[in-house]
Amino acid sequence: MPEDEIMTVRSVADFLKVTERTIYRLAAEAQIPSFKVGGSWRFRRSDLEEWMAKQADRS
């Protein structure tokens, strides 16, 4: 997949192996890098990968 791919809530939930509800909550609380397009949450894959690396460093 391209690094700059734009992902939906469903694809991010599948990617992170969590529920869509969890992704909505994380996005609404600004705990995951996201932005809205026409009222729908979207996520840049490269931002998510960077966020995951930072999360792993915190452990």
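The values are calculated or read from the model by the stated rules, or taken from the named source; none is laboratory data. In this text, all values refer to a predicted model and were calculated from it rather than measured experimentally. Glycine gets a Cβ as well: all are built from the backbone with ideal geometry, and neighbour counts include every protein chain shown.
Taking the range 23-37 as the range and being out of contact with any strand residue (DSSP E or B) (no Cβ under 9 Å at 6 or more places or on another chain) and either buried (at least 16 other Cβ atoms within 10 Å of the Cβ) or at pLDDT below 95 (or both) as the test, only 26 passes.
Among the residues of the range 10-59, the one identified as hydrophobic (A, V, I, L, M, F, W, C) and touching a Lys or Arg at 6+ places or on another chain (Cβ under 7 Å) is 35. As a summary of the residue check, residue 53 satisfies the conditions (1) under 11 Å from the mean Cα position of the chain (by Cα); (2) free of Cβ contacts under 8 Å to residues at least 24 places away in the same chain except for the one numbered (1).
Selection of the range 1-40 for residues being part of a loop (DSSP other than H, G, I, E, B) and of a type outside the set (D, E, K, R) yields 1, 2, 8, 18, 19, 30, 31, 32, 33, 34, 38, 39. When the criteria are applied in full, residue 40 fails the requirement of being surrounded by 14 or more Cβ atoms within 10 Å (Cβ to Cβ) and modelled with pLDDT of 95 or more. Residue 14 passes every criterion in (1) surrounded by fewer than 13 Cβ atoms within 10 Å (Cβ to Cβ); (2) among the acidic types (Asp, Glu); (3) without any contact (Cβ under 8 Å) to a residue 12 or more places away in the chain apart from (1).
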